[in-house]
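Handing you a structure now.
Bear in mind that the values in this text are calculations on the coordinates, not laboratory data. Quick caveat: nothing in here was measured; it's all calculated off a predicted structure. Reconstructed Cβ throughout: ideal geometry from the backbone, glycine too, with neighbour counts over all protein chains shown.
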Amino acid sequence: MTENLETYLYISSNTLGIYLYEKKKFQNLYEEELNLINKNENLNFETLSKFLDDNIFKIEKLIGKFITNIYLVIENKKIFNVKFCMKKKNYDKIISKKYLENILTEAKDLFKENYQDNKILHIIVDNYSINDKNYSHFLEDLQGDKLSLELKFIYISNSFSLLFEKVLEKFQIRITQYLDGYYVKKFFESDDIQLTEMISKIKDGFNENEIKLVPKNTRKLGFFERFFQLFS
């Protein structure tokens, strides 16, 4: 059963939360939250360390094994976003997946060049425009000689992410993926579902316009499969 279990750590200015989530049953097997008395965007990492110390062992005892990976969800003003607009001439007339892949790769490289020492959390396509006609999502093999993409990169600095990694290293836990809590909640703002289900869905590609950031050894198949190696 452990392959269906995931551990999420949620951090905001007023709450710390840790959850053991069972994906098949869409339920929390363990959850603990701490309301922070001194609400502050500048997290007290000693408080975080103690919170983890109080809960990690309980989860490990519950599942009968060590926690080695965790998904970190952050709501903080140190999470930034920037928009890119990529406009390209298409000489093949057909807008193929391969053509889209090339543009996304170029956009990723452009971000890396201009925002060095930062870690990408999410890459989202806000709009596709083919021959000046807008589409909410990508439709394969449309005809057109002009493609424009409106992209949003959500990111944090490497120095900020390192602070979390150092705390979790004490427990021999690696951060599998960072997620922006604001983005996760906003995407489901009209749905009555629990936070952990939101996290699970977003990280598994529920938003068809998000370019997935996953480990290189993934077996997951999907539309953006060929981008996995590029954005890992």
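From zero outward in steps of 10 Å, how is the percent of C-alpha pairs of the chain spread across the bins?
Once binned at 10 Å, the Cα pair distances of the chain give 7, 30, 33, 20, 8, 2.
Dipole magnitude of the chain about its Cα centre, charges +1 at Lys/Arg Cβ and -1 at Asp/Glu Cβ only, in debye to the nearest 20? Could the numbers behind the result be given before it?
Numbers: 35 positive and 35 negative charges, 110 e Å.
Approximately 520 debye in magnitude.
Right, another one. Where q = 0.21 Å⁻¹, what log10 of I(q)/I(0) comes from the Debye formula for the stretch 80-155, counting one point per Cα?
Those come out to -0.89, one per q.
Report, in whole Å, the centroid distance computed from the Cα atoms of the stretch 132-186 and the stretch 1-66.
22 Å
Let me ask something else. Assign unit charges at the C-beta atoms only (+1 for Lys and Arg, -1 for Asp and Glu), then state the dipole size of the stretch 1-95 relative to its Cα centre in Debye, rounded to the nearest 20.
Working: 15 positive and 13 negative charges, 173 e Å.
For the stretch 1-95, the charge dipole is close to 820 debye.
Follow-up question, since we're still on this one. Please give every one of the aspartates and glutamates within straight-line cross-link reach of Lys89, meaning a C-alpha to C-alpha distance under 16 Å, and leave out same-chain neighbours fewer than 8 residues apart.
The qualifying aspartates and glutamates are Glu101, Glu106, Asp132, Asp141, Asp145, Glu150.
If you put +1 on each Lys and Arg Cβ and -1 on each Asp and Glu Cβ, how big is the dipole of the stretch 80-155 around its Cα centre, in Debye rounded to 20? Each step should come with its number before you reach the end.
Values: 13 positive and 12 negative charges, 13 e Å.
Dipole of the stretch 80-155, to the nearest 20 debye: 60 debye.
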